[in-house]
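The structure under discussion appears below in the form of structure tokens.
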Amino acid sequence: MVKLGIIGCGVMGKNHALSILDGKVSGAEWAAVCDTDPAALAWAREKSPGIKTFATTAEFFASKTADAVIIATPHYSHPTIALEALASNTHVMIEKPAGVYTKNVREMNEAAAAKPGVVFAIMYNQRTNPIYKKMREMVNSGEIGTLKRTSWLITDWYRSQAYYNSGGWRATWAGEGGGVLINQCAHNLDLWQWICGMPKKITAFAHEGKWHDIEVEDDVTAYLEYENGATGVLVTTTADFPGNNRFEVLGDLGKLVCENNELIFCKLSVSEREFNRTNTDLFAAPPFEKIQVPCPGDYPEHPGVLSAFVAKINGTGELFARGEEGINGLEMTNAMYLSSWLGKTIELPLDEDLFLSELKKRHR
């Protein structure tokens, strides 16, 4: 049995603890918890009498109580605590996002690379969704052809002002490091790059406090350009109701549409590029077949990611997402912020020092 510790026993930390206690995480037991809030530690002792509790990370790692740690603290501290864990040769699972800015996430990744015997993972639970797994498979196999256009309209994140008033750290640059992009959309940006690849240029308009009394963004429109000339668009907000979640990926051989928990493939009988070159009919279009794509398989969510983490530690499985991969979606997030702040297109890789400098200007 792998002894798991949890640092940060808030909403997600408690969820992970209950999954372990309920036996949903194969091969693991909950051994320790660390939190600065005495009430969180009291909750842990109530749920698991005899569990080791710690008020500081230094005490936690010095105790050697846990083989592996789940880091579920506020965003800024993810890389800092991960570095402590790596230094103590403790296996690491970080919650999303990997951090707030790529510069210290890169330092975390470099430290992980220097510890090949330590398993380093990130909680990208939506990668376990059979629909997204199928989309990645179809894009990577070339079934939809050469990528031409992607778009994600995701406006079903509705949050009222009460949500933002629930914690002083929430929706602040100094506390949370951003708004809808870094909080709600962290999974979507990871999935977007996981399925379609990383863009080369980003132009974004991130409206801060447009619909709520907050200092960070709650309404974003972003435009992406890929190496091959393909483009992408993201529209997201926490103020639309009812909202939508529609993800489209279009290639020259057809289009994938993910919406309402189903995947539709509009499959062209011939490449649009070839049809464009050879067709002589003024208003003709390529014939296509509309297919509802079967996406079999379980959707194990957070417990599945943790079970894979434990299996990897035991040498019997593979991760859903390596910790090092967390920098990709975060770089897109940072680029969107920087583009909006400076009013210009940002090329990737990102100027990490410039981003951090601009971020610090917004700390209150």
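Let me spell out the model: positive unit charges on the Cβ of Lys and Arg, negative unit charges on the Cβ of Asp and Glu, origin at the Cα centre of segment 120-255. What dipole size does that give, in debye rounded to 20? Don't skip to the answer; put the middle values down first.
Values: 13 positive and 16 negative charges, 95 e Å.
The dipole of segment 120-255 has a size of about 460 debye.
On average, how much accessible surface per residue is there in segment 84-176, in Å², for a 1.4 Å probe, leaving out ligands, DNA and RNA? Numbers along the way, then the final one.
Details: 3630 Å² over 93 residues.
Per residue, segment 84-176 has 39 Å² of solvent-accessible surface.
Measuring from label point to label point, each 7 Å out along Cα→Cβ, what is the Arg362 to Glu107 span in nm?
2.1 nm
With 5 Å bins from zero, work out the P(r) of segment 1-60 over every alpha carbon pair and list the percent per bin.
Histogram of Cα-Cα distances, whole percents per bin: 4, 21, 34, 27, 11, 3.
Can you give me the long-range amide H partners of Asp156? Hydrogens built in the peptide plane at 1.01 Å from N, cutoff under 5 Å, separation of 5 or more residues or another chain.
Asn244
Could you tell me the distance between the Cα centroids of segment 331-354 and segment 231-283, to the nearest Å?
27 Å
What helices in the chain pass both tests, a Cα length along the helix axis of 18 Å or more and a mean Kyte hydropathy of 0.5 or higher, using whole DSSP H runs? Show your work: numbers first, answer last.
Working: long enough: 301-313 (19 Å, 0.75); 326-342 (24 Å, 0.34).
Both cut-offs are met by 301-313.
Using a 1.4 angstrom probe, figure out how much accessible area segment 194-339 has per residue, in square angstrom, rounded to the nearest whole.
On the way: 7150 Å² over 146 residues.
The answer is 49 Å² per residue.
If packing is taken as the mean number of other Cβ atoms within 10 Å per residue, what is the order of 270-283, 66-79, 21-34, highest first? Intermediate values should be presented prior to the final figure.
Values: 270-283: 11.2, 66-79: 22.9, 21-34: 19.5.
Descending packing order for the listed peptides: 66-79, 21-34, 270-283.
Evaluate the charge dipole of the chain about its Cα centre and quote only its size in Debye, nearest 20, assuming +1 on the Cβ of each Lys and Arg and -1 on the Cβ of each Asp and Glu. Mind dumping the intermediate values first?
Values: 35 positive and 44 negative charges, 69 e Å.
Using Cβ point charges on Lys, Arg, Asp and Glu, the chain gives about 340 debye.
Sum up the charges of everything whose Cβ sits under 14 Å from the Cβ of Lys344, counting Lys and Arg as +1 and Asp and Glu as -1, but leave Lys344 out. Before the final figure, lay out each step's value.
Working: positive: Lys201; negative: Glu225, Glu347, Asp351, Glu358.
So the environment of Lys344 carries a net charge of -3.
The values are calculated or read from the model by the stated rules, or taken from the named source; none is laboratory data. Bear in mind the structure is a predicted one, so any value in this text is a computation, not a measurement. Don't worry about glycine lacking a Cβ; one is built from the backbone with ideal geometry, like all the others, and counts go over all protein chains shown. Protein only, heavy atoms only, side chains kept; ligands, DNA and RNA dropped before computing areas. Shrake-Rupley method; radii C 1.70, N 1.55, O 1.52, S 1.80 Å.
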